[in-house]
Amino acid sequence: MVWFGSSGAYRRILGVPGLQLTSVSYVVLGLVAEGAMTPYDMKQKAARSVGYFWNFPHSQLYAEPARLAALGLLAEKRESVGRRRRVYTLTPAGREALDSWLREPTSEQPQIRDTGLLKLFFGEGMSPEEVSVLARAQEEAHQARLAVYEAKEREIDHPHHAATLRAGLLLERLLVDFWRQVGATPP
């Protein structure tokens, strides 16, 4: 039996009380659901996909798979030759945990961690010219990210990935416009 509470943080899987699965746990399960992977493969895949909208220390992708394997959510195989890397695959229990989590509605608010916005918020001591410099730098940074997303848009054929990318495109366009306006008329 799999039970998922509304907080999204604590889980009881297959009668294991107090089992904690985090967002990174689900990132790992989701990545491995696409096929067998080493932690390095997960890191590379995350950097090219979920890393654009879900920020986390990628070093966690080296410890979390072993923990999930110990819980029976992943199966671990060692390569017999070479570097003897650990290769992980999803177990039926892991698939069940991932599927249950995917179907659980979420009402968590998105987290925006934007240093430019933080500086603007506390920028009372900044001159309008300094705010304009900050705004131009932020506009350029968001233009660069927008260009990356637009290039990815031509490569993606998976409908769920394309829908997620659309959110990123909309957000970056909004932020480019926002910073352009702040630069033109600084507070």
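Odds and ends about this structure:
- Matching residues, the range 76-97, being surrounded by 15 or more Cβ atoms within 10 Å (Cβ to Cβ) and touching a Lys or Arg at 6+ places or on another chain (Cβ under 9 Å): R86, V87, Y88, T89, A97
- Candidates in the range 115-140 are the residues that are in contact (Cβ under 8 Å) with a residue 40 or more places away in the chain and under 23 Å from the mean Cα position of the chain (by Cα); of these, the one that is nearest to L21 (Cα to Cα) is G116.
- Of the listed requirements (1) modelled with pLDDT of 90 or more; (2) more than 24 Å from K152 (Cβ to Cβ); (3) crowded, with 17+ Cβ neighbours inside 10 Å, I13 misses just one: (1).
- Filter pass, V182 being surrounded by 10 or more Cβ atoms within 10 Å (Cβ to Cβ), part of a helix (DSSP H, G or I) and more than 19 Å from the chain's Cα centre (by Cα): yes
Results for (1) closer than 29 Å to G30 by Cα; (2) at pLDDT 95 or above; (3) out of contact with any strand residue (DSSP E or B) (no Cβ under 7 Å at 6 or more places or on another chain), shown as yes or no for each residue.
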| residue | (1), (2), (3) |
| --- | --- |
| G123 | no, no, yes |
| S127 | no, yes, yes |
| S132 | no, yes, yes |
| E139 | no, yes, yes |
| V148 | yes, no, yes |
| P159 | yes, no, yes |
| G168 | yes, no, yes |
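- Sole residue being over 23 Å from the mean Cα position of the chain (by Cα), free of Cβ contacts under 8 Å to residues at least 24 places away in the same chain and more than 12 Å from M37 (Cα to Cα), chosen from P92, P110, P105: P92
The values are calculated or read from the model by the stated rules, or taken from the named source; none is laboratory data. Note that this is a predicted model, so its numbers are computed, not measured. So basically every Cβ, Gly included, is an ideal-geometry build from the backbone, and we count neighbours across all protein chains shown.
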